[in-house]
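The values are calculated or read from the model by the stated rules, or taken from the named source; none is laboratory data. Since the structure is predicted, the reported quantities are computational estimates derived from the model, not experimental observations. All Cβ positions, glycine included, derive from the backbone under ideal geometry; neighbour counts span all protein chains shown.
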Amino acid sequence: MRVFFRYILALLPLLFAACDAYDDFTTDPSARLTFSVQEVAFDTVITAEGSSTRTLMVRNYNDAGLRIRSVALEMGAESPFRVNVDGQYLDGGTGADFEVRTQDSIFVRLECTLPDMDRDDVTHYDDRLLFCLESGAVQEVALSAIGMDVYRWTDRTLSEDETVESKRPILVGGQLTVDEGVTMTVKGGTRLFFRDNGSLLVRGTLKVEGEEGNPVVMRGDRTDYLLKDIPYDNTPDRWNGVTFESTSAGNTLTWLNLHSARCGIRAEKTDLTLESCIFHNIAGKDEAVNNGLYLKECELTAHNMCISNVMGHGLWLIGGKAALDHCTLAQYLIIGGGTKGKALHLANRTDEGECPIEDYTFTRCLVMGYGDDVIDADFVNPGSREEKLLFDECYLNTVEDPADARFVSCLYDSKEAEKRGNKGKSPAERGLYKVFDTTLFLYDFTPADGSPCAGYGAEF
């Protein structure tokens, strides 16, 4: 016991010395703070909406503490930026008397609300956050933001024909409804940003007239980042998608990019003509609706269409007619975990009864995804073969049945992978597609040069 106390007594001077060093502050003008970044950038912020929060870490690597006489926005109260330093809000854009002890740090939280300038192009904002040390030294961190003005539609109903053409985004809150007998025409370059509760309901007719290089975009309204290099726009579950009711007719969608939704399209007893459309990143908490296209007793004509990375089924056809030419169904969603649906799910019944298939034809289509088989069917008689179903010269990730006459001149991915000696490798390792980046969630499912599926599916 005496040895123990002698040991403690021997350590006391060192402990007090350490405490003295921790409590010591310097006014040496060469002692500086270190910032986690030299610029805090907000890109892009919808004006009058308020941004997400950015964090700046302020560190002191010096052998003594540093007192900060003041932290201030150069523009003061006129700045669009808001700052909280170590738990203290900078009222009027300025605050005083902060400390950063040696080998310690404090956090600075920043937000901004940018004014609506009523402009079609974006507006750039800059300011500086100034740290004035007790020594008189001044350090700064640059602040920047890009403001984007929008038109705002909330629970809007179109009761007469309307053509929508806008250089600035349209921010949709609640439900945008196209009444029965009414046509909504959306011109190329128009962007519809849907809030979390946003959706489009079509009781009449929807005509999307996008163009190559100038598509119509339907997406969520989050313009910030989930992680450093991953924008929310690259992730699903942002809005509620598009629904076509049975009163709808004559729908033609050309060069539409619909993504980041919980549901792509749900339609019943209507017709859809899709040309060069993308439906991507469809997922959410309600597995019953998380499908790319859910079409019940509809008439679908699609060319150069891509449905990709869906929590439920990519394309779910129940009865009706469908003719797909050079379309891609790619089921590679990695978000959310659990069991994903199929790239293609066919059915001729629901719980309410039978829904006869009039004719399903797939020509030069690419149907791929994780797993051994991404095509399945739910037919009234599981052992029977639907006579009105044809896969003609398609590239498929499914189990080959040479006796099945519904598959004509098709290539099967498992055979091609084995032939090339890359069975079990990832799509990126196999060079199947132009872009397949599961780290940044970036994809382009156009077949890459030299890919075994080149010449099949959609090209964008």
Is at least one residue of segment 88-111 under 28 Å from Thr177 (Cα atoms), touching a residue at least 24 places away in the same chain (Cβ under 8 Å), surrounded by 13 or more Cβ atoms within 10 Å (Cβ to Cβ) and not aliphatic (A, V, I, L, M)? no
Answer from Asn309, Asn291 - the residue that is surrounded by 19 or more Cβ atoms within 10 Å (Cβ to Cβ), polar (S, T, N, Q) and touching a residue at least 60 places away in the same chain (Cβ under 8 Å): Asn309
Restricted to segment 228-261 and to residues being part of a strand (DSSP E or B) and hydrophobic (A, V, I, L, M, F, W, C), the residue farthest from Lys207 (Cα to Cα) is Ile230
Starting from segment 406-428, take each residue that is in contact (Cβ under 8 Å) with a residue 60 or more places away in the chain and list its partners that are of a type in the set (Phe, Trp, Tyr) and in a loop (DSSP other than H, G, I, E, B), counting only C-beta distances under 9 angstrom and pairs at least six apart or across chains. Pro427/Tyr332; Pro427/Tyr370
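Results for (1) at pLDDT below 55; (2) in contact with a His (Cβ under 6 Å, 6 or more places away or on another chain); (3) assigned to a strand (DSSP E or B), shown as yes or no for each residue.
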| position | (1), (2), (3) |
| --- | --- |
| Ile8 | yes, no, no |
| Leu12 | yes, no, no |
| Asp28 | no, no, no |
| Ala41 | no, no, yes |
For segment 364-415: of the residues being in contact with a strand residue (DSSP E or B) (Cβ under 9 Å, 6 or more places away or on another chain) and of a type in the set (Lys, Arg), which is modelled with the highest pLDDT? Arg364
Strands (runs of 3 or more DSSP E) enclosed by segment 365-460 - at least 2 residues per element that are on the phi > 0 side of the Ramachandran plot and surrounded by fewer than 13 Cβ atoms within 10 Å (Cβ to Cβ): none
Top-ranked residue of segment 324-355 - restricted to ones that are assigned to a strand (DSSP E or B) and touching a residue at least 40 places away in the same chain (Cβ under 8 Å), ranked as nearest to Val380 (Cα to Cα): Thr350
Determine, yes or no, whether Leu66 is modelled with pLDDT of 95 or more, under 35 Å from the mean Cα position of the chain (by Cα) and either among the β-branched types (Val, Ile, Thr) or in a strand (DSSP E or B) (or both). no
Which ones in segment 143-162 are in contact (Cβ under 8 Å) with a residue 24 or more places away in the chain and part of a strand (DSSP E or B)? Leu143, Ser144, Ala145, Ile146, Gly147, Met148, Leu158
